[in-house]
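See structure below.
All of the numbers you see were taken from the coordinates with simple rules; none came from a lab. Source: prediction; values computed, not measured. Here the Cβ is made from the backbone with ideal geometry for all residues, glycine too, and neighbour counts use every protein chain on show.
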């Protein structure tokens with residue numbers, strides 16, 4: 001897929017999803033959040049990095065499916081510098097959009113078997129831009145594939161997605177700009193969940209995702225890429241009642257992320273200084289409106 005087509009497809013996906021939500025939303029949830037951790041890692045960086053992360057998240061459902069949209073603004077401390085010789089921390093914007101079309105709802109005939117309560121088709125994109133001392137990522141990625149929706153309290157979805165990814169990094173130390181490079185198309189097994197585990201005055205839910213991503217072939221520098229494991233999970237308490245607000249307005253909890261071979265960089269390679277795998281615990285708060 002050409003990346004002129006990528007631009008057109010990503011715009012069409014966003015417009016289609018937002019139009020469906022605006023015209024016939026059955027439910028929606030929008031929130032702003034903040035999380036903080038001190039053990040982040042970046043490839044080619046041996047330091048433990050602290051990051052403040054602000055996010056805007058929107059999820060909604062309509063007659064034929066659902067939408068998910070998230071923007072993270074990641075602010076690093078000076079252990080992940082903004083440029084060669086800079087005393088300021090790097091900044092990154094990471095955007096995710098997914099649309100799930102429920103085939104049973106489209107056909108008017110529910111698709112159920114065993115533990116499966118529905119079958120869907122997922123399409124969407126990832127996009128990032130980062131300003132740092134080394135790689136300065138400019139990722140673009142389209143995703144598409146089938147999804148199974150399992151019959152559990154809350155939701156548990158398992159999708160097998162094809163990924164079409166490219167990047168065009170710039171090194172501030174060497175002043176070398178790499179032309180946009182398309183990796184090999186590769187698969188990802190993606191599991192997402194949001195399951196209530198405790199009710200009462202302060203309800204608790206267990207939420208997150210696990211992405212298992214195959215190698216994407218050669219890198220833009222002709223090196224071998226590695227398969228990735230990216231697991232992000234959180235225990236979130238609904239503390240709205242403690243603050244005199246309606247349920248599901250304020251949430252607080254702990255989040256943990258394990259990311260092995262981040263962005264396909266092989267952590268076993270000494271070149272990456274152990275920074276391509278991270279174990280990160282974060283405190284997280286959210287306001288829903």
Requested in this report: Report yes if residue 210 is surrounded by 16 or more Cβ atoms within 10 Å (Cβ to Cβ), out of contact with any helix residue (DSSP H, G or I) (no Cβ under 9 Å at 6 or more places or on another chain) and either assigned to a loop (DSSP other than H, G, I, E, B) or free of Cβ contacts under 8 Å to residues at least 60 places away in the same chain (or both), otherwise no.
Outcome: yes
**Report entry** Any chance residue 218 is surrounded by fewer than 14 Cβ atoms within 10 Å (Cβ to Cβ) and without any contact (Cβ under 8 Å) to a residue 12 or more places away in the chain
**Finding:** no
Report summary line: Scanning segment 158-193 for residues that are crowded, with 17+ Cβ neighbours inside 10 Å and under 15 Å from the mean Cα position of the chain (by Cα), the one farthest from residue 124 (Cα to Cα) turns out to be 193
Report task. Quickly run through segment 240-267 and pick out the residues that are touching a residue at least 24 places away in the same chain (Cβ under 8 Å) and assigned to a loop (DSSP other than H, G, I, E, B). Result -> 247, 248, 249, 261, 265, 266, 267
Query raised in the report: Does segment 111-144 hold any residues that are farther than 29 Å from residue 203 by Cβ, free of Cβ contacts under 8 Å to residues at least 40 places away in the same chain and part of a strand (DSSP E or B), and which are they?
Result: 113, 119, 121, 126, 128, 129, 141, 144
Report task. Restrict the check to segment 148-155 and report whether at least one residue is more than 20 Å from the chain's Cα centre (by Cα), crowded, with 16+ Cβ neighbours inside 10 Å and under 15 Å from residue 66 (Cα atoms). Result -> no
Requested in this report: Test each condition in (1) under 22 Å from residue 183 (Cβ atoms); (2) touching a helix residue (DSSP H, G or I) at 6+ places or on another chain (Cβ under 8 Å) for residue 272 and report the one that comes out false.
Outcome: (2)
Requested in this report: Check whether at least one residue in segment 41-52 is closer than 23 Å to residue 259 by Cβ, touching a helix residue (DSSP H, G or I) at 6+ places or on another chain (Cβ under 7 Å) and not in a strand (DSSP E or B), and report yes or no.
Outcome: yes
Report task. Just name the residue that is nearest to residue 286 (Cα to Cα) out of those in segment 32-46 that are in contact with a strand residue (DSSP E or B) (Cβ under 8 Å, 6 or more places away or on another chain) and buried (at least 17 other Cβ atoms within 10 Å of the Cβ). Result -> 33
